[in-house]
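The values are calculated or read from the model by the stated rules, or taken from the named source; none is laboratory data. This structure is a prediction, so every number in the text was calculated from the model and none was measured. As a convention, Cβ positions derive from the backbone with ideal geometry for all residues, glycine included, and neighbour counts pool all protein chains shown. Surface areas here come from the heavy atoms of the whole protein model, side chains and all, with no ligands, DNA or RNA. Shrake-Rupley method; radii C 1.70, N 1.55, O 1.52, S 1.80 Å.
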Amino acid sequence: GAVVSQHPSRVICKSGTSVKIECRSLDFQATTMFWYRQFPKQSLMLMATSNEGSKATYEQGVEKDKFLINHASLTLSTLTVTSAHPEDSSFYICSARSGLPAADTQYFGPGTRLTVL
Amino acid sequence: SQQGEEDPQALSIQEGENATMNCSYKTSINNLQWYRQNSGRGLVHLILIRSNEREKHSGRLRVTLDTSKKSSSLLITASRAADTASYFCATDARLHQAGTALIFGKGTTLSVSS
């Protein structure tokens, strides 16, 4: 199956700093990428959807100025958590889907655990 | 946003028993998928059932879909300790102008003791 990677797998940062998480589709071109957030013992919540070359569409309640998403190429999307605070500590998971007809499968990355001190 | 609910929220069984988890959703769907997640790890895709299918099997997994009731069930037969994990259903929801995306239910935490 298709492979999606994330880097880093875990990151610890100080409050007030910015953190960038990369999501790559390794063996297919991802026209659409998704970012999810998962707090402990909870489900995945969709944060935003991005189509290559377009601005990301954010879900209600997600601050676009705090969670900057860039999808500049068909194989790379980045999520930058700006001025991170302890409440941003979470498991961030990206997902990618190709633009092929009838390609309705989303492939998930392994996740990035962010801890803000 | 979350599409629906799973029940039970938590399930504890003995090895060899069957485990049944249910999922309800709110909107019309093209397909419904089940995922598994071990604690602190990524998602593992288990099975996809399309809206025109009623039942699907994969190894020890059996999934049913009732679109009239907007519900699905996942049955794991002859459970093993290694099946201990959280299980999520996910449906493809049409979002604003961004197309569709998988929206996850709240999940069921399954604990299988030996």
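Odds and ends about this structure:
- Residue-level accessible surface for B:His45, protein heavy atoms, 1.4 Å, Å²: 90
- Given a 1.4 Å probe and the protein chains as shown, A:Thr75 ends up with an accessible area of around 50 Å².
- Every Cα-Cα pair in chain B was counted, and those over 25 Å apart are 18% of them.
- log₁₀ of I(q)/I(0) at q = 0.13 Å⁻¹ - the stretch A:21-117, Debye sum with one point per alpha carbon: -0.42
- For the protein assembly as shown, the number of Lys pairs with C-alpha atoms closer than 26 Å, counting only pairs eight or more positions apart or on separate chains, is 25.
- Which of B:Phe88, B:Ser68, B:Pro8, positive extreme of dipole for chain B (C-beta unit charges): B:Ser68
- Whole-number D in µm²/s for the stretch A:1-59 (Stokes-Einstein; Kirkwood sum over Cα pairs; 25 °C, 0.890 mPa s): 182
- Largest first, the extents of the alpha carbon coordinates of the stretch A:26-79 on the three principal axes equal 32, 25, 13 Å.
- Heavy-atom accessible surface of chain A: percent carbon and sulfur, 1.4 Å: 52
- Going by accessible surface with a 1.4 Å probe and the largest first, A:Tyr107, A:Tyr92 read A:Tyr107, A:Tyr92.
- The orientation-averaged shadow of the Cα convex hull for the protein assembly as shown, equal to a quarter of the hull surface, comes to 12.4 nm².
- Gyration tensor (Cα) of the stretch B:4-47, equivalent ellipsoid semi-axes in angstrom: 21, 15, 11
- With contacts taken as Cα pairs under 8 Å and at least 6 residues apart, chain A reaches a relative contact order of 37 percent.
- Considering only alpha-carbon pairs that sit under 8 angstrom and 6 or more positions apart, the relative contact order computed for chain B is 37 percent.
- For the options B:Ile76, B:Ile49, B:Ile13, a Gaussian network treatment of chain B with springs between C-alpha atoms closer than 10 Å singles out B:Ile13 as fluctuating the most.
- Long-range amide H partners of B:Gly107 with built H, under 5 Å: B:Glu6, B:Cys89
- Count Lys and Arg as plus one, Asp and Glu as minus one, and take only other residues whose Cβ is under 15 Å from that of B:Gln14; the net charge is then -2.
- A 1.4 Å probe run over the protein chains yields, for the stretch B:19-107, 45 Å² of accessible area per residue, whole-number rounding.
- Within the accessible area of the stretch B:1-40, the carbon and sulfur atoms contribute 41%, probe 1.4 Å, all protein chains present.
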